[in-house]
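Report on the structure given below.
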Amino acid sequence: MGQLKLDKIQKFYGDFEVLKSIGLEVKNGEFVVFVGPSGCGKSTLLRMIAGLDSTSTGDILIDGVRVNDKPPVQRGIAMVFQSYALYPHMTVFENIAFPLRVERLPEETIREKVEAVAKILQLDKRLHQKPGMLSGGQRQRVAIGRAIVREPKIFLFDEPLSNLDAALRADMRIELSKLHQDLKATMIYVTHDQVEAMTMADRIVVLNAGEIAQVGAPLELYHKPQNLFVAGFIGNPKMNFMPVTCTATDEHGVTVSYAGQSVTLPVAARPDLVGQTLTLGIRPEHLSLGSGDLTVTVTPSVIERLGVNTVAYAALPSGENYCALLPGSAPVRVGAPMQTGIRATDCHLFDGKGQAFERRVDWQTLDRPAVTAA
Amino acid sequence: MREPAQLINRYRWYEIVGIYCGIAVFLTFVLAPFVEGFLVSLKPLSQLFSSPYRFIPENGSFEAYRTMWESVPGFARYIFNSFFISTIVTTVVLCMVVPAAYAFARFEFKGRGTLLAAFLAVNMFSGAVLLIPLFRLMRTLGVLNTYFAMIVPGVAFLIPSAIWLLRTYMMRIPRELDEAAYVDGASHFYTLRRVILPIAMPGITVVAITTFIGSYAQQFIFALTFNAKSEYMPLPVGLFAYFGRQEVVWNELMAASFVGIAPAMIVIFFLQRYLVSGLTAGAVKQ
Ligand SMILES: Nc1ncnc2c1ncn2[C@@H]1O[C@H](COP(=O)(O)OP(=O)(O)O)[C@@H](O)[C@H]1O
Ligand SMILES: [Mg+2]
């Protein structure tokens with residue numbers, strides 16, 4: 001079992017509140033990713049779960065037992081560090097065997113376990129080498145091996161792939177996902193890379209400045225971000241935001257006007273909205289050339305042609321960046337006006353405080369292929 | 001084959017000449033006394049005061065290396081004493097400094113900064129300034145004229161710089177290694193023994209060498225003050241025996257000096273094997 005509960009966790013460094021009342025439950029066997037910009041407190045949170053840092057207030061429960069005052073081994077966790085933290089003077093075998101030697105297991109058992117782990121991680125031929133002779137990916141696998149060999153209830157990963165190059169990172173993502181399926185252990189994974197979060201997580205926890213911005217399945221965050229931060233953080237290129245004015249609300253949604261055009265967005269309305277300035281969000285990949293429910297004409301200043309699609313960057317008259325991700329080689333040119341159409345059902349709407357109006361869409365029907373395939 | 005020099009390491013010919021000239025000047029000052037001392041040890045005493053003075057000995061021989069043992073019969077004992085005192089001092093210093101340096105490098109505790117500053121301050125007084133108080137202390141404790149009297153002050157005065165040296169080295173070992181070991185259930189002592197010690201070996205070797213040399217150098221003053229028994233005398237005091245009533249037996253004195261440092265040279269030669277750098281390669285990402 002590896003069930004984790006964080007109850008109103010706070011952390012201060014001096015007067016600086018790094019984490020602000022974090023509450024979260026992680027189910028046994030779940031792959032949860034903490035994602036957020038650098039310095040938002042992801043590592044701090046993970047280190048507190050590990051037992052390397054203490055909480056200022058709040059409780060950490062593993063399988064229902066309060067573990068705040070227990071050392072890491074007794075919590076049943078294992079941690080993989082961003083910098084690998086391998087012992088440079090020991091062979092790969094000894095590195096992986098380290099936790100077992102601490103436990104004083106018999107030599108025979110140690111050999112069996114280490115060899116089994118080495119096989120899973122394809123390190124069997126490297127057991128007698130020192131970390132200095134290994135490539136980055138192999139070093140990271142040794143670090144993972146050292147975590148696996150103890151058979152912990154919960155694995156903690158702190159940006160384990162951020163020191164690897166892009167190709168290797170993609171491979172390791174797949175390996176880690178497989179490992180999770182094989183071990184069926186609870187994994188908590190910290191990253192600032194939203195691709196890693198989207199591809200590996202059962203659930204993503206988006207952190208912003210020490211607070212949980214949103215918790216949800218990857219596609220839920222993509223389709224139904226609860227606030228501007230999550231909307232801007234998840235998705236690449238970033239979601240476009242444009243200022244609109246609310247003109248009416250009814251049971252079908254909120255009607256807003258932008259540059260003389262009016263459009264009704266299918267979102268849950270709230271009272272007293274008329275006249276307020278709201279923020280409309282639209283993902284670059286949901287823009288199409290030509291007209292739509294809302295039509296915006298801009299002049300691209302930079303165009304990137306990636307073959308599979310074309311990215312056009314422009315600015316709105318109000319100054320915001322406006323980006324369009326168009327399929328294939330799109331007929332757009334730098335300096336020539338580009339007409340983009342927006343469908344009302346694709347739009348997100350946020351109030352003055354950055355909170356989203358709930359979209360009247362079921363994200364599971366939006367991504368039916370993904371859901372039915374699962 | 002020589003690799004082509006990197007651009008940044010490429011010098012013009014006059015720069016190279018300048019560099020070598022500079023090296024030559026300093027090397028001359030450092031090495032000339034050794035060469036001269038060695039040549040003197042080869043000369044018969046009568047030739048030493050010949051004028052004009054000749055650097056290269058005529059019919060030089062290693063005779064002095066034989067007669068030195070006869071003119072000062074206790075000399076072997078002096079060498080042993082020096083070696084013995086330095087070895088004990090180095091061992092004791094290492095045993096105390098390794099855990100202390102680890103603690104100073106890793107743990108936050110009250111008074112850490114003050115203690116470190118105090119160590120530096122102690123280093124500013126040489127032992128010589130404190131000789132009289134130390135002498136009175138030793139007399140009160142009744143340990144004058146023992147090995148103990150030469151070892152304990154030696155240890156005390158060598159510990160501060162050793163802690164500073166080793167602490168700096170240990171701070172360069174990534175903290176994640178300690179944390180990883182801690183997460184895997186290792187105690188602080190287990191981590192120190194299995195992880196930190198092996199990685200810190202080059203640093204420990206440097207500390208061992210400097211301590212050994214430091215102990216060799218400082219024995220003279222402690223031995224002169226705290227010890228009157230000739231059988232406990234270390235090498236530097238022993239060399240005084242070649243200063244006879246009327247004349248100094250220079251050639252034997254020089255020969256004895258070279259023989260006297262030999263054991264220390266051998267120790268250092270063996271220790272420097274551990275001075276390999278780059279032991280942390282592959283520990284964390286660079
Ligand atoms: N030991 C510390 N003392 C003071 N501030 C710290 C300490 N560790 C981290 N912080 C601060 O806490 C914040 C969160 O850090 P961290 O958890 O490492 O961020 P992340 O891993 O999300 O990049 C940062 O602003 C950092 O400056
Ligand atoms: Mg971090």
For residues that are open to solvent by less than 40 Å² (accessible area, probe 1.4 Å) and farther than 18 Å from B:Q47 by Cβ, tally how many sit in the stretch B:245-258. 2
Mind listing whichever residues of the stretch A:83-135 are within 14 Å of another protein chain (Cβ to nearest Cβ), over 22 Å from A:V73 (Cα atoms) and part of a helix (DSSP H, G or I)? A:R126, A:P131, A:G132, A:M133
Return yes when A:E220 is within 16 Å of ligand 1 (Cβ to nearest atom), touching a residue at least 40 places away in the same chain (Cβ under 8 Å) and surrounded by 16 or more Cβ atoms within 10 Å (Cβ to Cβ) and no when it is not. no
Is the stretch B:101-111 home to any residue that is within 30 Å of B:G37 (Cβ to Cβ), among the hydroxyl-bearing types (S, T, Y) and in a helix (DSSP H, G or I)? no
Can you name every residue in the stretch B:78-87 that is open to solvent by 60 Å² or more (accessible area, probe 1.4 Å) and in contact (Cβ under 8 Å) with a residue 12 or more places away in the chain? B:F83, B:F84
Could you please find all residues in the stretch A:318-343 being closer than 12 Å to A:H286 by Cβ and in a strand (DSSP E or B)? A:C323, A:A324, A:L325, A:L326, A:P327, A:T340, A:G341, A:I342
Pick out the one residue from B:R193, B:R136, B:R172, B:R112 that is in contact with a Ser or Thr (Cβ under 9 Å, 6 or more places away or on another chain) and open to solvent by 20 Å² or more (accessible area, probe 1.4 Å). B:R172
Which ranges mark the strands (runs of 3 or more DSSP E) fully within the stretch A:1-40 that have 3 or more residues being more than 15 Å from ligand 1 (Cβ to nearest atom)? A:4-13, A:16-26
Condition first: at the interface with another protein chain (Cβ under 8 Å from one of its Cβ atoms), on the phi < 0 side of the Ramachandran plot and outside any strand (DSSP E or B). Now tell me which residues in the stretch A:47-81 satisfy that. A:A50, A:L52, A:P71, A:P72, A:V73, A:F81
Could you list, in sequence order, all residues of the stretch A:156-207 that are of a type in the set (S, T, N, Q), more than 16 Å from ligand 2 (Cβ to nearest atom) and surrounded by 18 or more Cβ atoms within 10 Å (Cβ to Cβ)? A:T186
Complete set of residues in the stretch B:160-192 that are outside any helix (DSSP H, G or I) and at the interface with another protein chain (Cβ under 7 Å from one of its Cβ atoms): B:P174, B:D184, B:G185, B:A186
Scanning the stretch A:1-46 residue by residue, those within 13 Å of ligand 2 (Cβ to nearest atom), open to solvent by 30 Å² or more (accessible area, probe 1.4 Å) and within 14 Å of chain B (Cβ to nearest Cβ) turn out to be A:S43
Quick check on A:D202: is it acidic (D, E), within 14 Å of chain B (Cβ to nearest Cβ) and more than 16 Å from ligand 1 (Cβ to nearest atom)? no
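The values are calculated or read from the model by the stated rules, or taken from the named source; none is laboratory data. Because the structure is predicted, anything quoted here is derived from the model rather than measured. Reconstructed Cβ throughout: ideal geometry from the backbone, glycine too, with neighbour counts over all protein chains shown. To get the accessible areas, we keep the full protein, side chains included, count just its heavy atoms, and leave off ligands, DNA and RNA. Shrake-Rupley method; radii C 1.70, N 1.55, O 1.52, S 1.80 Å.
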